[in-house]
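Below is one structure, written out as C-alpha cells; the observations come after it.
The values are calculated or read from the model by the stated rules, or taken from the named source; none is laboratory data. Just so it is clear, the model here is predicted, and its values are computed rather than measured. Heads up, the Cβs are rebuilt from the backbone with ideal geometry, glycines too, and the neighbour counts pull from every protein chain shown. Only protein heavy atoms, including side chains, enter the accessible area calculation; ligands, DNA and RNA are left aside. Shrake-Rupley method; radii C 1.70, N 1.55, O 1.52, S 1.80 Å.
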Amino acid sequence: MTTTNIKDKLPTYKASDCVWDKISGHLDYLDKESGSNQLIEKLPGYTAPNLFDSIITRKKKKTNYLSLVKIAASIIIMIGTTLTYSYFQTQPKSTITYSYEQQIPTNGDQLFNIEIQSTEFTTLLAIKCKTSPNICGNKEYEDLYSRLKEIEREEKILKSALEEYNDPNIENHLIRITNDKLKIEKYLLNLFS
Amino acid sequence: MKIKYKNQDISLVKKCLKNDRQAQQELYNRYKDAMYTLAYRIIGSHNDAEDTLQDTFINVFLNLESFKGESTIGAWIKTILIRNAIKKNNSTFQYEDISDIDLESRFNFDDNLTGECIENAILNLDNGYRTVFILSEVEGYKHKEIADILKISEGTSKSQLFHAKKQLRKLLRFA
C-alpha cells in the first residue's frame, strides 16, 4: 500500500454538534463584551466638584475625605411631624423636622432603590427650602443641587445599562457615583443645620 | 472549477469578517469533520480533539483579518489546528543524527491490515513521532512545510519520521 492509500484506509470521524454551539456562544459573549465596553466609553465622565474646601472651611473642621467615605456607612434620619392648627389662636411655632436614612450600596441588588431614594430626597429638599428659602437661594446650594441632578441622570443611564448587560464594570461604576451622590446629599442637608 | 471554488471561499470569508454568524457556521461545517479527524489522529483523544477544534475555529474567526489569501482558507485553518493540537498534546520534537540512513523510503503497510489496526498502531507512537508521521505520510506535507508549521528544522522533521516508521514497524509486527 502506498502512502496515498493510507489516508483513504484510516477511519474518519464527525465532530459532535455541541462544538459549534460552544464556538457560537463564545463569539456571542465576545460581541456582548465589546458592546458594553463601547457603551461605557460613551458614558459621560465627570470630575467631582471642588466644593469640599469651601464646605470644610465653613464648618471650620478638617475632614479627611477618605474618612468620610469610610465613616459614611449609613446615615440614620428620624422622621417625625407634629402639626397643630388653630383658626382663632396663634399657635406656638412648631418645628418640623425631617430625617433621611440612606444605605450606601455595596452591590447591584441595592442599586435598584436609587430612584425611590432620589425622589424622596428631592421632596425633602423642597420642604426644607420652604422653611429656609435664603439657603436655597445661594450659589453654593444651587451648584450642589445642579451637580446632584447631573449625577441622578447618569445613574439612570448606568442603571439601564446594568439591567441590559449585567456587567460588573458597570455595577462598580454605578456604586461609585451613587456613593458620590450620597455625599452631595449629605452636604446639602448640612447647609440647613 | 478551482477558480470557482476559490471565489466562493473569498465571498464566504468576507461575510465571516462582517461577523455573519451564518457564514461562520457554513465555514465551520465545511471543514469541521476533516479538521476533527486530523486533530484526533495527532492527539489520540476525542475530548481533546473536540476542544482543539473549538479553540481552532475561535482563533480562526478572531484572527480572520490576518488571512492573506496566500493559501486556501482550508490550508490556513489546518495550520492553526495543527499548532493547537501540538500544544494540547505537549508534543516535543528532538533531533537525532541519522544522516547515514535512507530517509526517503516510503512506509509500506501490509494490505491485510485494517484501517483501525493501522490507526491503533499510529496512536501508540510517541507524540512527536506521531505528529510528524501524520503530517508527512497521511497529510502529504513535505519536510520543509512540516518544519515551518512545527517551528523545527527540516533535519528534525526527517529524523522524527525515521523513528516513527521504525516504531510503527515494531508495533505492526505484533498487530
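In peptide A:17-26, what is the residue-averaged number of other protein chain Cβ atoms found within 10 Å of each Cβ?
Values: counts 1, 2, 9, 8, 1, 7, 12, 7, 0, 6.
Other-chain Cβ atoms within 10 Å of each residue's Cβ, averaged: 5.
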Inset, instruction - Could you list the GluC sites (Glu not before Pro) in region B:6-83 that lie in coil according to DSSP, counting only those with at most 12 other Cβ atoms within 10 Å of their Cβ? - result: B:E70
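Report in % the part of the accessible area of region A:144-193 that belongs to carbon and sulfur, leaving out ligands and nucleic acids; probe 1.4 Å. Each step should come with its number before you reach the end.
Working: 1050 of 2230 Å².
Answer for region A:144-193 is 47 percent, counting heavy atoms of protein chains only.
Grab the eigenvalues of the alpha-carbon gyration tensor for chain B, scale each by 5, take roots, and send me the semi-axes largest first in whole angstrom.
Numbers: eigenvalues 204, 61, 45 Å².
So the three semi-axes of chain B are 32, 17, 15 Å.
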Inset, instruction - Can you send over the carbon and sulfur percentage of the accessible area for chain B, probe radius 1.4 Å, protein chains only? - result: 47 percent
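Computed on protein heavy atoms with a 1.4 Å probe, what is the summed buried accessible area for the chain pair A and B, in Å² to the nearest 100? Can you show the working numbers first?
Details: alone 14140 and 10690 Å², together 22050 Å².
Separately minus together, A and B give about 2800 Å² buried.
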Inset, instruction - State the percent of C-alpha pairs, over all pairs in region B:108-175, separated by a distance greater than 18 angstrom. - result: 34 percent
Legend entry - Surrounding net charge for B:Y31, when Lys and Arg each add one and Asp and Glu each subtract one, Cβ distance under 13 Å: +1
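Hydropathy first: keep DSSP H helices in chain B averaging at least 1.6 on Kyte-Doolittle, then drop any whose Cα extent along the axis falls short of 18 Å, and list what survives.
On the way: long enough: B:2-17 (22 Å, -0.55); B:21-43 (29 Å, -0.89); B:46-62 (24 Å, -0.32); B:73-89 (24 Å, 0.28); B:154-173 (29 Å, -1.06).
For chain B, where a helix must reach 18 Å along its axis and average at least 1.6, there are no hits.
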Legend entry - chain B, dipole about Cα centre (Lys/Arg Cβ +1, Asp/Glu Cβ -1), debye to the nearest 20: 560 debye
